[in-house]
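Peer 1: There's a structure below that I have some questions on.
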Amino acid sequence: MLKQVEGSWAVAEAVALCRPQVICAYPITPQTHIVEGLGEMVKSGALGGCEFINVESEFAALSVAIGSSASGARTYTATSSQGLLFMAEAVYNAAGLGLPIVMTIGNRAIGAPINIWNDHSDSMSMRDAGWIQLFAETNQEALDLHIQAFRLAEALSCPVMVCMDGFILTHAYEQVDVPSQADVDAYLPPFAPRQVLDPAEPVTIGAMVGPEAFTEVKYLAHHKQLRALELIPQLAAEFQARFGRASGGLLRPYRTEDAELVVVALGSVNGTVQEAVDALRARGMRIGSVGIGSFRPFPLAALRAVLMGAKRVVVLEKSLAVGLGGILSDGVRKALSGIALQGHTVICGLGGRAITQKSLEGLFEAAARDGLTDPVTFLDLNEAVVARELERERQGGRGPTAESILRQLGTVASRIG
Amino acid sequence: MNSPVKFYQTGTFTVGNRLLDADLRSVQSATTRTNSLNSGHRACQGCGEALGARYAIDAAMRATSSQLVAVNATGCLEVFSTPYPETSWQIAWIHSLFGNAAAVASGVAAAMRVQGRHDVRVIAQGGDGGTTDIGFGCLSGMFERNDDVLYICYDNEAYMNTGVQRSSATPPAARTATTPAVGPHPGNVAGTGKNVPLIAMAHGIPYVATASVANLRDLEDKVTRAMGIHGARYIHIHVPCPLGWGSAPADTIKVARLAVESGLFPLFEAEYGEVTAATKIRQRVPVDEYLELQKRFAHLFAPQRDDARLAAIQATADRNVARFGLVD
Amino acid sequence: MFQVRIHGRGGQGVVSGAEMLSVAAFLEGRHAQAFPSFGSERMGAPVMAFCRIDDRPIRLREPVTEPDALIVQDTTLLHQVDLFNGLKPDGCILLNSTRSFEELGLAEFARDFHHYRMFTCPASELAMKHVGRPVPNVPLLASFAATSGIIRLESVIAAIRDKFPEKVAEANVRAAEEAYAIARRQAEAQDA
């Protein structure tokens, strides 16, 4: 059924349709509306057979989820940014224990400086923890991915993170098609755990594993994610067959067939990129783009197949490996191993800075004419502010950097009174 | 002068005794006991925690007709009971992290409830480190929500598994690896520390109790009583650690008894924040008798007696006696 | 694509106004995207919200920098924030006010930028009158429907009924109807 709702609400409806049994919640902007929506559904009785637990921290949230999932209940939680870091130990623990928890990440920047707006630094911080990481381009896809996520998680006994851009998607009202309970039930069978805490058949879960076996355990986790590379497209195809739309999958190419320049990006910015691609195509440029749907496991082979015909690739990153440059770019580079291509890393949208179609068109045109000379380009960087700050430091200026910049921008008063 | 003659039994009620009516026998004396923590674990000789855990979990298993799931924090108990590829646990058991046993247990309880398995009960257990320090946030959260979990803390008063470092349960003056017996104030500083049983009471939860491996029947009774109650419950068990305390492995129960009889470790029960019962001390002993058996307090006695600090410790014991009415 | 930018202060329903507008467009079978521009969430702070309306799915994900229409819910922002930034040459401005452009200090602006279509609406007063709370978003939406030609009053009313519980919804509908009538008269007077 078509509805015009906030992204968070669309996700809440999707999760509710998946018949979750335990939902634990700790508030953090910008995911809060999701768990509030679910909490209301549980409290009003609209979502039955589900316990909603208000916990005292994100660490507790994922820990409750671990206990619940290990006991055979389909379990869900959500977080962002600082909250994801606060539960970091549990993130690794859940993956290591092979528990099929589904968690929404409302992507938000990580401080310091504290920032509530969107970028991908939070998901990136946990990229090697062993969770599957899926990225949504639209609110429809965010909705759809949660349904696919439970199926994927339970098929592999591996937790799944569904990543959606904070504010840009979570707080945007747009049209979504909410599937019927019958269709979701047909796609997602009841949870049949591979391991479960049950007094009737007691098992020990979470033993210490030493040097004699740890490598094998980790190899099997890696192998599991490689299996996911096959399963993700399969489940997406099945989803399309049942629900009638393309959603999820490893990646989504757009006008790449004869493209000389291909843009690679994660998440909602792909929409703006596609508008820029259309505008530049109309002006004669052979440009295309590809949105990465699955960041972990990273679709090396599939991406290679899309990019190998191009001459140039521009990777847009809403994240930064401080001291090194790109994170997504690393995966892209690996995919292109042995293929000679001009590659550009562009850091953009950090801390919620808007990525405009105009900026992107300028960027892609510059790339096409060899105008991107730095190994890493920071889109729309305010060079004057940076120069002034560096000069201030050179002169021995004291005080925190962030506040000094805010003062330059006039956001903060120089002095009070 | 007439003074009341105190009679008390020992031998008849020793914990393994089967020469009693069935309803007076301990759980451990039964051949049908679960042996939840079975032999083959790697605990040190004389480990108070291994003893306490076996008694506690077997009592819980009987009280719940074996419908029990245990959630264990990282620590000695977890490490010595599950040396890969073996496990000593004969029950459904999970170890997640150091600081989240209470939260994981809350999750297990919720999952059982939502699946209609209302007879399955949950215990969370951990050492003092995992309970009073790193697990404190999750513990308080579980208490606050009144989740149906019994949390058992095995208190050996330091981070023993990692090499005897100080925790917020380490008593004043005790030597640990991070409060060494050097300098003008050797051992742990006074004026620090956390009384988690009292904090648990402040949460107003249905049941709080302290117990000791010196009185194993009392320990079993308290666990049994706790399992008959629904909601958040907490039992704090004093368990000597020969290695960390520098006491003789054969003295574990003796040391535990002296802690109780000096008044330093009061045995009491509370419901909804009010003390409902306390075990009287039959024969009070001065704290010295307890402290002298442990090398972690050796610097209080040699090269000379530290009268001031010993007096301070004695005063703590006296306060407990007064507060809980431990002596008639 | 038609792009609207709404300015106001926290607590004035700027964000829900954009959302309702998007629902109204949805009910007319169109695609619509509404989203806020957040600062720290506190009452009284300047807030913006955006709404895009189109007949095809909307892929763009950036703030509206070149709006076709501006709705200003709080005129105290007029000389504090650069409200008119990026407004398209034939754009439409709707101000929540009982005062005239001259009284608002916009006489010069109106003269120099006369290609803008500018309207006022006593939205706060209408809200107080019908709903009992000075939240101007609904009357402004109705006024927008009357002056922009982009959305029908019936759709706005349906969006109101979708959002609010019955009694509050009907009070808002009455406010909307009165605002629409006032705006139609203003528009006709301008066209004449």
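Peer 1: Nearest 0.05, what FRET efficiency do residue A:212 and residue B:6 give at R0 = 56 Å with Cβ-Cβ as r?
Peer 2: Efficiency for this residue pair is about 0.45.
Peer 1: Which one, A:379, A:410, A:195, is farthest towards the positive end of the dipole of chain A when Lys and Arg carry +1 and Asp and Glu -1 on their Cβ?
Peer 2: Final value for the positive-end residue is A:379.
Peer 1: What aspartates and glutamates sit close enough to residue C:163 to cross-link, taking a C-alpha to C-alpha distance under 18 Å and skipping anything fewer than 8 places away on the same chain?
Peer 2: A:6, A:13, A:36, A:40, A:174, C:19, C:28, C:154, C:177
Peer 1: Take the eigenvalues of the Cα gyration tensor for the range C:76-180, scale each by 5, and report the square roots as semi-axes in whole Å, largest first.
Peer 2: Over the Cα atoms of the range C:76-180, the ellipsoid semi-axes are 27, 15, 11 Å.
Peer 1: When the distances between all Cα atoms of the range B:116-205 are binned every 10 Å from zero, what whole-number percent does each bin get?
Peer 2: Reading the bins upward from 0: 16, 41, 26, 12, 4, 1.
Peer 1: Pick out, in residue order, every one of the chymotrypsin sites (Phe, Trp or Tyr not before Pro) in the range C:98-152 that is DSSP loop and has at most 15 other C-beta atoms within 10 Å; say none if there are none.
Peer 2: C:113
Peer 1: Anyone know which of C:159, C:169, C:45 comes out most mobile in the 10 Å Cα GNM of chain C?
Peer 2: Result for chain C, Cα springs under 10 Å: C:45 fluctuates most.
Peer 1: What lysines does residue A:218 reach when the alpha-carbon gap must be under 27 Å and sequence neighbours fewer than 8 apart in one chain are set aside?
Peer 2: Cα-Cα hits under 27 Å: A:334.
Peer 1: Right, next: Divide by every residue of chain B the summed helix terms, -39500 (n - 2.57) for each DSSP H run of at least 4, and state the resulting mean residue ellipticity at 222 nm, rounded to the nearest 500 deg cm²/dmol.
Peer 2: It comes out at -9500 deg cm²/dmol, rounded to the nearest 500.
Peer 1: Once phi is turned into ³J(HN,Hα) by the Karplus curve 6.51 cos²θ - 1.76 cosθ + 1.60 with θ = phi - 60°, what whole-Hz value does each residue of the range C:137-151 show in order, with x for glycine and proline?
Peer 2: 5, 5, x, 5, 5, 5, 4, 4, 4, 6, 9, 8, x, 8, 9
Peer 1: Turning to a different aspect of this structure: At a 1.4 Å probe radius, carbon and sulfur cover how many percent of the accessible area of the range A:2-243?
Peer 2: Result for the range A:2-243: 57 percent of the exposed heavy-atom area is carbon or sulfur.
Peer 1: Shifting gears a bit: Which ³J(HN,Hα) values in Hz, rounded to whole numbers, follow from the phi angles of the range B:52-69 under the Karplus curve 6.51 cos²θ - 1.76 cosθ + 1.60, where θ = phi - 60° and Gly and Pro get x?
Peer 2: Working through the residues one at a time gives x, 5, 4, 5, 5, 6, 4, 5, 5, 5, 5, 4, 10, 6, 6, 9, 9, 10 Hz.
Peer 1: Here is a further query. So between residue C:66 and residue C:191, what do we pick up on full extension, going 0.36 nm a residue minus the alpha carbon distance?
Peer 2: Here the segment from residue C:66 to residue C:191 would lengthen by 42.5 nm.
Peer 1: Another question about this same structure. Taking the simple approach of a point 7 Å from Cα along Cα-to-Cβ for both residue B:199 and residue A:386, what is their distance in nm?
Peer 2: Distance between the two pseudo-spin positions: 4.7 nm.
Peer 1: Let me ask something else about it. Fully extended, how many nm does the chain gain between residue C:154 and residue C:108 (0.36 nm per residue separation, minus their Cα-Cα distance)?
Peer 2: 13.0 nm
Peer 1: In addition: Suppose all protein chains stay in the model; what accessible area per residue would a 1.4 Å probe give for the range A:84-172, in Å²?
Peer 2: So the range A:84-172 comes to 21 Å² accessible per residue, rounded to a whole number.
Peer 1: Turning to a different aspect of this structure: Mind checking the angle between helix B:136-145 and chain B's longest principal axis? C-alpha axes, 0 to 90 degrees, to the nearest 10.
Peer 2: Relative to chain B, helix B:136-145 is tipped by roughly 50 degrees.
Peer 1: Between residue B:254 and residue A:240, what is the spin-label point distance in nm, taking each point 7 Å from the Cα along the Cα→C-beta axis?
Peer 2: My value for the distance between the label points is 7.8 nm.
Peer 1: Using a 1.4 Å probe and counting only protein heavy atoms, arrange B:199, B:123 so the residue with the most accessible area comes first.
Peer 2: Greatest to least solvent exposure: B:199, B:123.
Peer 1: Follow-up question, since we're still on this one. Chain C: D in µm²/s via Stokes-Einstein (Kirkwood Rh, Cα pairs, 37 °C, 0.692 mPa s)?
Peer 2: Value of D from the Cα-based Kirkwood radius: 200 µm²/s.
Peer 1: Excluding ligands and nucleic acids, what accessible area in Å² is computed for residue C:1 using a 1.4 Å probe, to the nearest 10?
Peer 2: My reading of the accessible area for residue C:1 is about 90 Å².
Peer 1: Report, in listed order, any pair from A:3/A:318; B:194/B:222; C:129/C:167; A:358/C:88; B:6/B:222 with a Cα-Cα distance greater than 18 Å.
Peer 2: As for pairs spanning more than 18 Å Cα to Cα, those are A:3/A:318; B:194/B:222; B:6/B:222.
Peer 1: OK, next. Mind ranking A:382-393, B:237-248 by how tightly packed they are, going by the mean number of other C-beta atoms within 10 angstrom, highest first?
Peer 2: Order by mean packing, descending: B:237-248, A:382-393.
Peer 1: For the range C:173-192 and the range B:261-282, what is the centre-to-centre distance using only Cα atoms, to the nearest Å?
Peer 2: 78
Peer 1: Now for a separate question. Which shape class, rounded, prolate or oblate, goes with the range A:199-301 when its Cα gyration tensor gives a ≥ b ≥ c as root eigenvalues, a/c under 1.5 marks rounded, and past that a/b bigger than b/c marks prolate?
Peer 2: It is prolate, given that a/c is not under 1.5 and a/b is the larger ratio.
Peer 1: Let me ask something additional. For residue B:30 and residue B:295, what does the FRET efficiency come to when R0 = 51 Å and r is the distance between their Cβ atoms, rounded to the nearest 0.05?
Peer 2: For residue B:30 and residue B:295, the calculated efficiency is 0.85.
Peer 1: Okay, moving on. Interface A/B, total buried accessible area with a 1.4 Å probe, nearest 100 Å²?
Peer 2: 2800
Peer 1: Taking residue B:295 as the anchor, which lysines have their alpha carbon closer than 17 Å to its alpha carbon, excluding any fewer than eight residues away along the same chain?
Peer 2: Output for residue B:295: B:254.
Peer 1: Taking only DSSP H segments of four or more residues, each worth -39500 (n - 2.57), what value at 222 nm results for chain A once the sum is divided by all its residues, to the nearest 500 deg cm²/dmol?
Peer 2: Computed mean residue ellipticity for chain A: -13000 deg cm²/dmol.
Peer 1: Which value in Å does the Kirkwood hydrodynamic radius of chain B take, with 1/r averaged over all unlike C-alpha pairs and then inverted?
Peer 2: 20.2
Peer 1: Rolling a 1.4 angstrom probe over the protein chains, ignoring ligands and nucleic acids, what is the accessible area of residue C:60 in square angstrom, nearest 10?
Peer 2: Rounded to the nearest 10, the figure is 20 Å².
Peer 1: Can you give me the solvent accessible area of residue B:224 with a 1.4 Å probe, rounded to the nearest 10 Å²?
Peer 2: 60
Peer 1: For chain A, what is the charge dipole size about the Cα centre, in debye to the nearest 20, if Lys and Arg each add +1 at the Cβ and Asp and Glu each add -1 at the Cβ?
Peer 2: Roughly 760 debye for chain A.
Peer 1: Who wins for biggest fluctuation among A:316, A:381, A:363 in a Gaussian network model of chain A, springs between alpha carbons below 10 Å?
Peer 2: A:381
Peer 1: Same structure, new question: Quick one: 3J(HN,Hα) in Hz for the range B:199-205, Karplus 6.51/-1.76/1.60 with θ = phi - 60°, rounded, Gly and Pro as x.
Peer 2: These are the phi-based 3J(HN,Hα) values: 5, 4, 4, 5, 7, x, 7 Hz.
Peer 1: Taking H as built 1.01 Å from N, whose amide H comes closer than 5 Å to the amide H of residue A:107, not counting residues under 5 places away?
Peer 2: Counting only residues 5 or more places away or on other chains, the set is A:164, A:165, A:166.
Peer 1: Next question. Let me know the volume per residue of the alpha-carbon convex hull for the range A:320-378, in Å³.
Peer 2: Here the figure is 93 Å³ per residue.
Peer 1: Buried by at least 30 Å² relative to the chain on its own: which residues of the range A:49-88 qualify, computing accessible area with a 1.4 Å probe on protein heavy atoms?
Peer 2: Buried by 30 Å² or more upon assembly, which counts only protein chains, are A:51, A:53, A:56, A:59, A:63, A:64, A:67, A:71.
Peer 1: What Rg and what Dmax come out for the protein assembly as shown when only alpha-carbon atoms are used, in angstroms?
Peer 2: Spelled out, the Cα radius of gyration and Dmax of the protein assembly as shown are 33.4, 119 Å.
Peer 1: Which percent of Cα pairs goes in each bin when the distances of the range A:251-378 are cut into 5 angstrom slices starting at zero?
Peer 2: 2, 11, 24, 26, 23, 11, 2, 0
Peer 1: How long are the three semi-axes of the equivalent ellipsoid of the range B:56-172, in whole Å, if each is the root of 5 times an eigenvalue of the C-alpha gyration tensor, listed from largest down?
Peer 2: That gives 24, 17, 12 Å for the three semi-axes.
Peer 1: Which of B:156, B:35, B:17 moves the most in a Gaussian network model of chain B with Cα springs under 10 Å?
Peer 2: Taking springs between Cα atoms under 10 Å, the residue moving most is B:17.
Peer 1: Classify the range A:2-243 as rounded, prolate or oblate from the Cα gyration tensor: take a ≥ b ≥ c as the square roots of its eigenvalues, call it rounded if a/c is under 1.5, otherwise prolate when a/b beats b/c and oblate if not.
Peer 2: It is rounded, given that a/c, with a ≥ b ≥ c, falls under 1.5.
Peer 1: For a Förster distance of 51 Å, can you work out the FRET efficiency between the beta-carbons of residue B:189 and residue C:80, rounded to the nearest 0.05?
Peer 2: 0.35
Peer 1: Also: Loop only per DSSP, at most 12 neighbouring Cβ atoms within 10 Å: give me the trypsin sites (Lys or Arg not before Pro) in the range C:27-101, ordered by residue number.
Peer 2: C:42
Peer 1: Further question: For the range B:14-324, what does the accessible surface come to per residue with a 1.4 Å probe? Please give it in Å².
Peer 2: Accessible area per residue, the range B:14-324: 37 Å².
Peer 1: Related question: Report the label-to-label distance for residue A:43 and residue C:9 in nanometres (one decimal), using points 7 Å from each Cα along the Cα→Cβ vector.
Peer 2: Taking the two extended label points, one gets 3.0 nm.
Peer 1: Still on this structure, please answer the following. Multiply the residue separation of residue A:358 and residue A:230 by 0.36 nm, subtract the distance between their alpha-carbon atoms, and state the gained length in nm to one decimal.
Peer 2: Stretched out fully, the residue A:358 to residue A:230 stretch lengthens by 42.4 nm.
Peer 1: Tell me whether the range B:144-290 comes out rounded, prolate or oblate; compute the Cα gyration tensor, take square roots of the eigenvalues as a ≥ b ≥ c, and use a/c under 1.5 as the rounded threshold.
Peer 2: Taking the square roots of the gyration eigenvalues as a ≥ b ≥ c, the range B:144-290 is prolate.
The values are calculated or read from the model by the stated rules, or taken from the named source; none is laboratory data. Computed from a predicted structure; not experimentally measured. Ideal geometry is used to build each Cβ from the backbone, glycine not excepted, and the neighbour counts take in all protein chains shown. Remember, those area values only see protein heavy atoms, side chains included, never the ligands or the DNA or RNA. Shrake-Rupley method; radii C 1.70, N 1.55, O 1.52, S 1.80 Å.
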